[in-house]
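All remarks here apply to the structure that follows.
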Amino acid sequence: MTNSADQSWTHAGHGLPSSEPSLNTTAIATGLQLPAGFAAIAGDPELGPALTTNLARVEKRLREAIANSDPLADATSRHLVEAGGKRIRPLLTLLCAHLGDASLPAVVQAAVVVELTHLATLYHDDVMDSAPFRRGAPTAHEVWGNSVAVLTGDLIFARASILVSELGSRALGIQARTFERLCLGQLHETVGPRPDEDPLAHYLSVIADKTGSLVAASGQLGAIFSGADEAYEPLLVEYGEKVGVAFQLADDVIDVTGIKVKSGKSPGTDLREGVPTLPVLLLRNAARDGDQSAVELLTLIDGDLSSDEALAAAVAGLREHPVTAESWVVARAWADEAIAALAPLPEGVVKASLTSFAHAVVNRSS
C-alpha cells in the first residue's frame with residue numbers, strides 16, 4: 001500500500017519514466033543548440049539518431065526530476081531548465097557512452113545527473129556573483145530572492161544525489177568528489193589567492209575545480225555506464241579536465257572582446273565586478289615586467305568603471321592589447337592538450353567529435 005509520503009515522492013518527480021519521449025527527437029536536439037563539435041555527428045546514420053533519441057530522453061527526465069508537487073519549489077526548479085542551455089555535460093556523457101553500449105538505461109540517468117549537478121551550481125553561483133541574468137532570463141535570485149535561489153540549488157542537487165545513488169557506489173563516489181571540487185573552486189575563487197600564491201596558478205586551479213571537474217566526470221560516467229573499456233576512463237577524465245579549462249578560458253576572453261554574449265552577459269562585466277580573468281592577469285604580469293602600455297591600461301581597469309563609457313574604454317583597450325591574443329593562445333593550448341589525451345582512443349566518430357568539440361570551444365565568439 002502506498003502512503004501519502006510515497007505519493008508525494010512520486011509526484012515530486014522521483015519515479016522513473018514509464019514511456020518513451022513523445023516529442024520529436026530531432027526538434028529537441030535542434031532546440032538544445034548543439035555546439036559545433038557535437039553537431040558534426042548529425043550526419044552519422046547510426047550515432048546521429050541514437051544520440052538525438054537519448055537527448056530527448058535526457059530532456060524528458062530532467063523535467064521529471066525537477067518537478068515538484070509544491071508550486072513554489074516546482075516553479076523555481078523549472079526556472080533554469082526551461083531557460084534552455086547547450087547541455088554540454090550530458091552531451092559528453094551520451095557521446096562517450098558510444099565507446100560502449102550507449103543504449104543501456106543507466107547512460108541516460110548518468111547524463112541527467114551531471115546536468116542537474118551543473119544546474120544546481122548555477123543557482124548558487126548567480127547568488128554569489130549577484131548576476132542579474134542567466135541564459136538571457138532573470139536569475140532566480142532576482143525573481144524570488146537569494147534564500148529561495150540557494151535552497152532551490154540545494155533541492156536540485158538533492159535530486160541529482162537521489163538519481164546517482166541508484167547508479168551505485170562508484171557513481172556516488174565520483175559525484176561526491178566532483179561536488180567537493182565544485183565547492184572548493186567556488187570557495188577559493190571567493191577568498192582569492194594566498195599572499196604567497198601565484199594569481200595565475202590560483203585562477204587556473206579555480207577553473208579546473210569549477211568547470212573541469214564536472215566536464216571530466218561527464219565523460220567518465222558515460223564510459224562507465226556503457227560498459228566501455230576501462231582503459232578509456234583516464235583518457236576521458238584528462239580530456240574533460242582540459243577541455244573544461246579551455247572552455248572557461250575562452251569564455252573569459254570573450255567577455256573582453258566587446259561581443260554581446262548569448263547568455264545576456266554584457267562585455268566587460270567581469271572587469272566592472274573586479275573578477276580576475278586570464279587577459280587581466282596576463283596584463284598585470286606584463287605591467288610588472290615593465291610594459292608601459294599595460295601599466296596605463298591597468299590604471300583604467302582598476303579605476304571607476306561604473307559608467308558605460310569608462311567600461312567601454314576599458315573593454316576596447318584590453319581587446320586591442322596583445323594580452324588578449326596571448327589569452328587565446330593559452331586557451332587553444334589547453335584544447336590541444338585535451339585532444340592529445342584522446343590519442344589512444346579508437347578512431348571513429350566519437351573520437352572525431354570530441355576533437356571537433358575541443359576545437360569549437362576555443363573558436364567561437366559567444
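The values are calculated or read from the model by the stated rules, or taken from the named source; none is laboratory data. On a predicted model such as this, the values are computed, not experimentally measured, just so you know. All Cβ positions, glycine included, derive from the backbone under ideal geometry; neighbour counts span all protein chains shown. Surface accessibility is based on the protein's heavy atoms, side chains included, excluding ligands, DNA and RNA. Shrake-Rupley method; radii C 1.70, N 1.55, O 1.52, S 1.80 Å.
Can you tell me which of (1) crowded, with 20+ Cβ neighbours inside 10 Å; (2) under 28 Å from Thr93 (Cα atoms); (3) touching a residue at least 24 places away in the same chain (Cβ under 8 Å) is the one Asp251 doesn't meet?
Every condition holds for Asp251 apart from (3).
What number of residues within segment 319-355 are of a type in the set (Gly, Ala, Ser), open to solvent by 20 Å² or more (accessible area, probe 1.4 Å) and closer than 19 Å to Thr211 by Cα?
Of the residues in that region, 1 qualify.
Out of contact with any Lys or Arg (no Cβ under 6 Å at 6 or more places or on another chain), of a type in the set (Lys, Arg), modelled with pLDDT of 75 or more and open to solvent by less than 40 Å² (accessible area, probe 1.4 Å) - does that describe any residue in segment 74-84?
So far as segment 74-84 goes, no, none of its residues is out of contact with any Lys or Arg (no Cβ under 6 Å at 6 or more places or on another chain), of a type in the set (Lys, Arg), modelled with pLDDT of 75 or more and open to solvent by less than 40 Å² (accessible area, probe 1.4 Å).
If you scan segment 141-164, which residues turn out to be modelled with pLDDT under 85 and farther than 19 Å from Gln186 by Cα?
Residues satisfying the conditions are Glu142, Val143, Trp144, Gly145, Val148.
Residue under question is Ala313, and the condition is that it be open to solvent by 40 Å² or more (accessible area, probe 1.4 Å), free of Cβ contacts under 8 Å to residues at least 24 places away in the same chain and touching a helix residue (DSSP H, G or I) at 6+ places or on another chain (Cβ under 9 Å); does it hold?
Here the answer is yes, as Ala313 does meet what is asked.
Picking from Val215, Val237, Val164, which residue would you name as being within 26 Å of Val58 (Cβ to Cβ) and in contact with a Gly (Cβ under 6 Å, 6 or more places away or on another chain)?
Values: Val237 fails: in contact with a Gly (Cβ under 6 Å, 6 or more places away or on another chain); Val164 fails: in contact with a Gly (Cβ under 6 Å, 6 or more places away or on another chain).
After ruling out the rest, the residue left standing is Val215.
Please specify each residue of segment 152-168 satisfying the condition of being hydroxyl-bearing (Ser, Thr, Tyr) and in contact (Cβ under 8 Å) with a residue 60 or more places away in the chain.
Across segment 152-168, the qualifying residue is only Thr152.
Inspect all residues belonging to segment 153-163 and state whether any of them is open to solvent by 60 Å² or more (accessible area, probe 1.4 Å) and within 23 Å of Tyr123 (Cα to Cα).
So in segment 153-163, the residues open to solvent by 60 Å² or more (accessible area, probe 1.4 Å) come out as 154.
Next cut, within 23 Å of Tyr123 (Cα to Cα) only: 154.
So far as segment 153-163 goes, yes, one or more of its residues are open to solvent by 60 Å² or more (accessible area, probe 1.4 Å) and within 23 Å of Tyr123 (Cα to Cα).
Identify, please: which residue in segment 89-118 is at pLDDT 95 or above and polar (S, T, N, Q) and is, among those, farthest from Val215 (Cα to Cα)?
Top of the filtered list is Gln109.
What are the residues in segment 312-356 that are closer than 23 Å to Leu200 by Cα, over 23 Å from the mean Cα position of the chain (by Cα) and not acidic (Asp, Glu), if any?
Of everything in segment 312-356, those that are closer than 23 Å to Leu200 by Cα, over 23 Å from the mean Cα position of the chain (by Cα) and not acidic (Asp, Glu) turn out to be Ala314, Val315, Ala316, Gly317, Leu318, Arg319, His321, Pro322, Val323, Ala325.
Looking at (1) in a loop (DSSP other than H, G, I, E, B); (2) open to solvent by less than 70 Å² (accessible area, probe 1.4 Å); (3) under 18 Å from Tyr203 (Cβ atoms), can you tell me which one Leu282 breaks?
(1)
Being buried (at least 21 other Cβ atoms within 10 Å of the Cβ), modelled with pLDDT of 80 or more and in contact with a helix residue (DSSP H, G or I) (Cβ under 8 Å, 6 or more places away or on another chain), is that true of even one residue in segment 10-30?
No: segment 10-30 contains no residue that is buried (at least 21 other Cβ atoms within 10 Å of the Cβ), modelled with pLDDT of 80 or more and in contact with a helix residue (DSSP H, G or I) (Cβ under 8 Å, 6 or more places away or on another chain).
Evaluate the following for Val127: is it modelled with pLDDT under 80, open to solvent by less than 10 Å² (accessible area, probe 1.4 Å) and in contact with a helix residue (DSSP H, G or I) (Cβ under 6 Å, 6 or more places away or on another chain)?
It is false that Val127 is modelled with pLDDT under 80, open to solvent by less than 10 Å² (accessible area, probe 1.4 Å) and in contact with a helix residue (DSSP H, G or I) (Cβ under 6 Å, 6 or more places away or on another chain).
Can you name every residue in segment 55-102 that is of a type in the set (S, T, N, Q), in a helix (DSSP H, G or I) and closer than 21 Å to Asp154 by Cα?
Across segment 55-102, the qualifying residues are Thr76, Ser77.
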